[in-house]
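Reviewing the structure listed below.
Taken together, the values in this text are just the output of simple stated rules run on the coordinates, not laboratory data. Keep in mind that this is a model prediction, so the values were computed, not measured. Reconstructed Cβ throughout: ideal geometry from the backbone, glycine too, with neighbour counts over all protein chains shown.
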Amino acid sequence: MLKIIKSVLAAFFGVQSEANRQQDFQSVSPWKFVFVGILMALIFVVLVATIAWFAAN
């Protein structure tokens, strides 16, 4: 699971190498990456909204 999270974070920041991406999708089901990516995106949105709410108050 840590490998999937690391790979998704690298993709979010745009630093994922092509070789690592190929290796990830050959060894693990793509649906796991999709699930973790959506979950991390939701966490990011909630975090930004929370920070904005605190800054406005």
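Okay, here's what the table says:
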quantity: Fraction in percent of alpha-carbon pairs per bin - 5 Å, segment 2-56; calculated: 4, 18, 25, 20, 12, 9, 6, 4, 2, 0
quantity: Simple label model, 7 Å out from Cα along Cβ direction - residue 40 to residue 23, nm; calculated: 1.7
